[in-house]
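Report on one structure; see the data block that follows.
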Amino acid sequence: MDNSLEHSKLGCAEPDPHDDGATTKIECLHNGQSADTAISPMVSGVQLSVKVAVNDLPAAARLPQFWPARKKRAITALVCMNYFMFTWITTAVVSNTVTAALQDKFHATYVQIAQYSVAIPALALAVSPLFWTPLAKTYGRRPIMILGVLIAFISCIGAAVTKTYGGYMAARFFQGWGVGPASTVGLQVSCVAPS
């Protein structure tokens, strides 16, 4: 087997041709840093000590299209669960028991609680993709999804502890706003979807 062919496959430097032939050490570097994993194959009677890093893979091999099917299914399931749960908590119909308790707590009418509790977050959910999609294209989907989860989580706590009707409606609005990335960014997982 030709050593130069083997080295070019690994993306490593060529061994010194003037070496005495006993042992040749080759280090594959990524961004100037040595890798962590060592491999010592025998090639034509010469033992090579090669360090290879995961980041030394070609860029195409790191793309989601080339991930294992199990990883694709897991990520797709998480994104779908996120989209379903967030949309459900934002636009779920409030039960009569909860509506009555909220009416007593905020001294509000049935329409203010039952209908606006769904309409206000649904409005935010409908408008927020205009804000979130450009951010996701600029900063990436993952940070935007995490930020949306954080906003929705804090808004859920705010809706639970608020003492005023206005505070409750503001928290419901921001629940819908925080859910926006799940509805828009979550739909962009076609590159991960199992084939």
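Which whole number in µm²/s is D for region 63-191 by Stokes-Einstein, with the Kirkwood Rh taken over Cα pairs at 10 °C and 1.306 mPa s?
So the translational diffusion coefficient is about 102 µm²/s.
Before anything else, pin down the relative contact order of region 63-191: Cα pairs under 8 Å, at least 6 apart, normalised by residue count, whole percent.
33
Computed from the coordinates by the stated procedures, all read-outs in this text should not be read as laboratory data. Because the structure is a prediction, the values reported are computed rather than measured.
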